[in-house]
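The numbers here are math on the coordinates, done by the rules we state, and not lab data. For clarity, every value in this text was computed on a predicted model and none was experimentally measured. All Cβ positions, even for glycine, are placed from backbone atoms using ideal geometry, and neighbour counts span all protein chains on display.
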């Protein structure tokens, strides 16, 4: 088999394995079931962080967690896991109860949090 | 009928990684099914897709860039100190020496940011399964850690012998990327790198950061003070200190290089530029392994009240 043939064979092999992983059900979307989970995820990711206040998206897909030291962290899903970022000058947009947050970081996606009007307004002000 | 005699030279002319690839695929399928049936472990199709794409890209970049190192190695071997023949004893010696070099290459890969920019790819998954083993760098050459292996050629180990041993080392490391295997027998855990030891290496828990650099023999970590056993009360949280927010293989491959470029652009002195390249990862943001570990230890050490 020549090199291009080998490359094509490898690409097909990768595609089959990925498809098999999906077909076997490894495609879960994670849920933030409560504020305590969000706080724990942030504490694990940011040493020294102690949660003081949490805003959980109504669909459990993300959260904002404020620390006792004034830092605010974003928790958002990533595959079947979560990813956490300390927010420093994020891009924030609010539409009613929906708060859109994007950290100042290349390739980090925007997160839409359904917080309800009052909470969205309050957290937009904090960010 | 007599079988042709197989010499060590015949054996080392093979590429162990190429031969092992079908076995890798079968093992990943077996692990997927085992995890589906409830064995310990986790998979996510997007994560697996990225890992396998990184593995495929690694073979392509390796084929494109290998000539550079091979040329340098050949030149050094031409100025070798000893004539080491290809034989069973030299194979065994080379395997151990190559693994010793791997320990330092790997350690440098975690302690020097330039090298980390190439190696971080392997740690960028929040999962730990056999597909993670194939999540390999596209930019290994630019991390410059291959320099650590060059003395082997100057000593006199033939190129094909070192390449064969390096390939075997990589093949060995495949099976230790799993949660399905708990602990191996005690004697094995003492001498060899195992799934348990390597889970620690992939952990971001402060206790586990920059520990267990071994390739095949864990004895190097025990000798040089970098060994940390896995603890049931502190299960590893896999990934990197600042986990990525995208599965895009291009960004996975180059994100730390972009970070270095950004820090170099901001550097206002030669010292700052040097630190951006050569200091341990996280030095600029105060998130080195030492700082994070010290912070964690301070938070978790009970205050002792002096007796009156």
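Can you give the percent of C-alpha pairs in chain A whose distance is more than 18 Å?
Details: 4669 of 8001 pairs.
Roughly 58 percent, once rounded to a whole number.
Would you mind checking the tilt of helix B:289-300 against the longest principal axis of the Cα atoms of chain B, expressed as 0 to 90 degrees and rounded to 10?
40 degrees
For segment B:57-213, what ratio Rg/Rh do Cα atoms give with a Kirkwood hydrodynamic radius? Please report the intermediate quantities before stating the final value.
Numbers: Rg = 16.3 Å, Rh = 16.7 Å.
Ratio of gyration radius to Kirkwood radius for segment B:57-213: 0.98.
Taking a temperature of 10 °C and a viscosity of 1.306 mPa s, what whole-number D in µm²/s does Stokes-Einstein yield for chain B with Rh from Kirkwood over alpha carbon pairs?
On the way: Rh = 20.9 Å.
Reported coefficient: 76 µm²/s.
Grab the beta carbon distance between residue B:74 and residue B:19, set R0 = 25 Å, and tell me the FRET efficiency rounded to 0.05. Working shown, then result.
On the way: r = 24 Å, r/R0 = 0.96.
Rounded to the nearest 0.05, the efficiency is 0.55.
Can you compute the equivalent ellipsoid semi-axes for the protein assembly as shown, i.e. the square root of 5 times each eigenvalue of the Cα gyration tensor, sorted largest first and rounded to whole Å? Please list the in-between numbers first.
Numbers: eigenvalues 339, 127, 99 Å².
Semi-axes from the Cα gyration tensor: 41, 25, 22 Å.
Relative contact order of segment A:54-127, please, whole-number percent, based on alpha carbon pairs below 8 angstrom and at least 6 residues apart. Please list the in-between numbers first.
Working: 141 pairs, mean separation 19.3, N = 74.
Normalised by residue count, the contact order of segment A:54-127 is 26 percent.
Relative contact order (percent) for chain A, with alpha-carbon contacts under 8 angstrom and 6 or more residues of separation? Mind dumping the intermediate values first?
Working: 212 pairs, mean separation 22.1, N = 127.
After rounding, I find 17 percent.
Taking the alpha-carbon centroid of each part, what is the distance from segment B:219-289 to segment B:167-207 in angstrom?
21 Å
What does the structure give for A:73-83 when I average, per residue, the other chain Cβ atoms found within 10 Å of the residue Cβ? Write out the running numbers ahead of the final one.
Details: counts 0, 1, 0, 1, 0, 10, 12, 8, 10, 2, 7.
Rounded to a whole number, the mean comes out at 5.
For peptide B:291-299, what's the mean number of Cβ atoms from other chains within 10 Å of each residue's Cβ?
Working: counts 1, 2, 1, 1, 2, 2, 0, 2, 4.
The mean count of partner-chain Cβ atoms within 10 Å per residue comes to 2.
Using a Gaussian network model on chain B with a 10 Å cutoff between Cα atoms, which of B:242, B:262, B:186 fluctuates the most?
B:186
I need to check one value: relative contact order of chain B, counting alpha carbon pairs closer than 8 Å and at least 6 residues apart, in percent. All intermediate terms of the calculation are to be shown ahead of the outcome.
Working: 421 pairs, mean separation 67.7, N = 308.
Worked out over chain B, it gives 22 percent.
Any chance you could give the angle, 0 to 90 degrees and rounded to 10, that helix B:45-78 forms with the longest Cα principal axis of chain B?
Relative to chain B, helix B:45-78 is tipped by roughly 50 degrees.
Mind checking which of A:38, A:112, A:93 has the largest fluctuation in a GNM of chain A, springs on alpha carbons under 10 Å?
A:93
Between residue B:29 and residue A:8, what is the label-to-label distance in nm when each label sits 7 Å out along the Cα-to-Cβ direction?
It is 2.2 nm.
If you build a Gaussian network model of chain B, linking Cα atoms that sit under 10 Å apart, which residue out of B:120, B:241, B:191 swings the most?
Highest fluctuation among the options: B:191.
Roughly how tilted is helix B:113-123, in degrees to the nearest 10 and between 0 and 90, from the longest Cα axis of chain B?
It works out to around 90 degrees.
What is the Cα centroid distance between segment B:54-83 and segment A:36-115, reported in whole angstrom?
Here the answer is 45 Å between Cα centres.
With each pseudo-label sitting 7 Å past Cα toward Cβ, what's the residue B:9-residue B:301 distance in nm, one decimal?
Between residue B:9 and residue B:301, the simple spin-label model gives 6.1 nm.
Mind checking Rg over Rh on segment B:224-308, alpha carbons, Kirkwood formula for Rh? Let's see the in-between values first.
Values: Rg = 17.9 Å, Rh = 16.3 Å.
Rg/Rh for segment B:224-308 comes to 1.10.
For B:37-49, what's the mean count of beta carbons from other chains sitting within 10 Å of each residue's beta carbon?
5
What FRET efficiency comes out for residue B:262 versus residue B:60 if R0 is 22 angstrom and r is the Cβ-Cβ distance? Round to the nearest 0.05. Mind showing how you got there, number by number?
Working: r = 27 Å, r/R0 = 1.21.
Step by step, r from the Cβ atoms, then E = 0.25.
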